[in-house]
């Protein structure tokens, strides 16, 4: 398959290793992966703040960059959620609808489309706490949220359980939001950081060495919180583990 | 020590002392007997209790600064910890009840469908309700807004020469500023719900639709009662405080001239009013005095009695994680020799019903589950919203009353969506929060600095060359990138957390260097 690699702006700037892991992982499965160089952002920061008109040009650019691929895959739940569910500042032409429908978050691509059976190159002998970001959990439906009375499933856990050595720990409040919330993180910085402190403390108390997530934005926020209050816990994106990161 | 008992001990240590009041060593004798009043007051001195943080500062119609009030709430760690844990405990109890009912999700869908059906034929059902209530011998009044509601109730009370009114908890009367109005016309109002009475005595609004004083520690209550009903200021034993309140309130209840209740469900086919309480105080309010007035928001209508079963099964499970409220009282008509009035209140509801994106907020049954689950609400307290309705449901209802005053509220959310999942009538709360942000931008109710920053971000992010130039060097990335995230409070990210560590190169430059030939 020919895949357009969608590297969200903050991953490009702060977490290049997450982008590299995503690229290599998709290539391991034999896909032709193309990184359109003119990509910038999906428009989510403006849209989430209510400024829909201001993301029209950015959304149009996204479509220009990612038109014509079999799939567009990005390692960020909230960005993919924006593209798929809220990307409506521009006219919904066939081309726009096509790009939106073909855009997948990495975990769901590997789980639902690739149906990945094994990651023989990966080994991660550590206790991990899985952080389901709200975008992946309640919008992209990676897993059953604790509020609903539905049969349990978890796509990220399915994938991670195929990696040798992983031991899962369960925090007391497994799917409580960590408080990032995009512009919320600065608009309500006091509440945002308190939520972050509580999140990392909960994982640490459960015995996690690593917090693992499909969203680098949550991890960036949690890491900043853990470092500030001195919680000794490490952070890693799920793409890095699945690609065989040694820790 | 086994890991089992260790876990139990750790769990107890993590729990806020407020939640362990029954096991308070200082309130129990060595023989295991609870201390009575006199003994309780002689317990050893403790450090002065933490002051209760107060709610948002209100300046007329100027935008309420929820973030500022939340910051003060967080600065009172005992309050914040108790509040967060207490409400999270309710959420967990709700989950347990849910897991005990295989048909839970089906019930939610049914409840939502009944409400949507009713709201789309509201005029018919309201008239049916009115006709049936009148047949039952009830006087029915219609109020366009809060002022009309207050005036109608005042006129009824005046007709009966009533000077005092006991009432059970009602969010609608809070909406109408009813207590303040009654004070201005010289009628004494006595709240009969314990939490609501605490809030009334403290001259403070309820902070939660179900547990109105949940933000208060027992030491706060001791302080309020000491000032208002003369309890011992040093005794914060909950049994002592509850008993003292009961003794001070009961005589007022028995002597009251009139009684008032709200309404949880108004049944069109029977014309009856259903009120759910845990204290039985609606029954006192409706049955002790000869005159009973029920104030009802027009969205409370359900078509038939059989529909009530669906809601009764969901209401208390969602609210408190208990199977049912202690009392589910049906009021169908006046008692012998008494009089019953119903005031049907619109107060903006018809207008909301016409709002394409927001009308389903009228399905709300005021269970408070969205507040209990909301991580922002739990850490900022209901009074930080500065509005009648706080928490997630407040974010989408309050702006319909005053878009300017409550323009900040839809931004007091991470859009995590837990609220929509716990909602027993399936209101898409987080999607409406998102929609309100768009709406407020359209109405120009957002700060100019934010507007300018978003416009600039939109321009930069749509021009690849300019964008690339802005973040080429990683140091520059750190300087530029936060700008479209951080629009006005430039130092907000780093105030309480560390900034991300800049990598040696961006993904883009890594790609150019390592895969540069590939296009």
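The values are calculated or read from the model by the stated rules, or taken from the named source; none is laboratory data. Quantities reported herein were computed from a predicted structural model and do not represent experimental measurements. Cβ sites come from the backbone with ideal geometry, for glycine too, and all protein chains shown count toward neighbours.
Here is the figure for segment B:435-469: residues that are within 27 Å of the chain's Cα centre (by Cα) and either buried (at least 22 other Cβ atoms within 10 Å of the Cβ) or facing another protein chain (nearest Cβ under 7 Å) (or both) total 6.
Within segment B:264-279, the set of residues being in contact (Cβ under 8 Å) with a residue 60 or more places away in the chain and in a loop (DSSP other than H, G, I, E, B) comprises B:264, B:268, B:269, B:270, B:271, B:279. Tell me, please, whether a residue that is within 24 Å of residue B:433 (Cβ to Cβ), outside any strand (DSSP E or B) and either within 8 Å of chain B (Cβ to nearest Cβ) or in contact with a strand residue (DSSP E or B) (Cβ under 9 Å, 6 or more places away or on another chain) (or both) can be found in segment A:13-33. Checked segment A:13-33: no residue is within 24 Å of residue B:433 (Cβ to Cβ), outside any strand (DSSP E or B) and either within 8 Å of chain B (Cβ to nearest Cβ) or in contact with a strand residue (DSSP E or B) (Cβ under 9 Å, 6 or more places away or on another chain) (or both). Scanning segment A:124-143 finds no residues that are free of Cβ contacts under 8 Å to residues at least 40 places away in the same chain, in contact with a helix residue (DSSP H, G or I) (Cβ under 7 Å, 6 or more places away or on another chain), within 14 Å of another protein chain (Cβ to nearest Cβ) and part of a loop (DSSP other than H, G, I, E, B).
Scanning segment A:157-184 for residues being part of a helix (DSSP H, G or I) and either in contact (Cβ under 8 Å) with a residue 24 or more places away in the chain or farther than 22 Å from residue A:224 by Cβ (or both) gives a total of 4.
Restricting attention to segment B:470-499, the residues that are at the interface with chain A (Cβ under 9 Å from one of its Cβ atoms), assigned to a helix (DSSP H, G or I), surrounded by fewer than 15 Cβ atoms within 10 Å (Cβ to Cβ) and at pLDDT below 50 add up to 0. State the number of residues belonging to segment A:190-215 that are within 30 Å of residue B:407 (Cα to Cα), within 10 Å of chain B (Cβ to nearest Cβ) and either surrounded by fewer than 24 Cβ atoms within 10 Å (Cβ to Cβ) or in contact (Cβ under 8 Å) with a residue 24 or more places away in the chain (or both). Adding up the residues that qualify gives 7. The residue that is nearest to residue B:418 (Cα to Cα), among those in segment A:147-168 that are surrounded by fewer than 17 Cβ atoms within 10 Å (Cβ to Cβ) and within 14 Å of chain B (Cβ to nearest Cβ), is A:148. What number of residues within segment A:169-179 satisfy the criterion of being more than 7 Å from chain B (Cβ to nearest Cβ) and surrounded by 23 or more Cβ atoms within 10 Å (Cβ to Cβ)? Adding up the residues that qualify gives 1. Where helices (runs of 4 or more DSSP H) sit wholly within segment B:372-424, those with at least 1 residues that are under 23 Å from residue A:189 (Cβ atoms), free of Cβ contacts under 8 Å to residues at least 60 places away in the same chain and within 11 Å of chain A (Cβ to nearest Cβ) occupy B:375-380, B:418-422. Applying the criterion of at least 1 residues that are free of Cβ contacts under 8 Å to residues at least 24 places away in the same chain and touching a helix residue (DSSP H, G or I) at 6+ places or on another chain (Cβ under 8 Å) to the helices (runs of 4 or more DSSP H) found wholly in segment B:150-228 leaves B:178-184, B:194-201, B:218-228. Please tell me if residue A:180 is farther than 25 Å from residue B:371 by Cβ, in contact with a helix residue (DSSP H, G or I) (Cβ under 7 Å, 6 or more places away or on another chain) and modelled with pLDDT of 95 or more. Considered against the rule, which asks whether it is farther than 25 Å from residue B:371 by Cβ, in contact with a helix residue (DSSP H, G or I) (Cβ under 7 Å, 6 or more places away or on another chain) and modelled with pLDDT of 95 or more, residue A:180 comes out as no.
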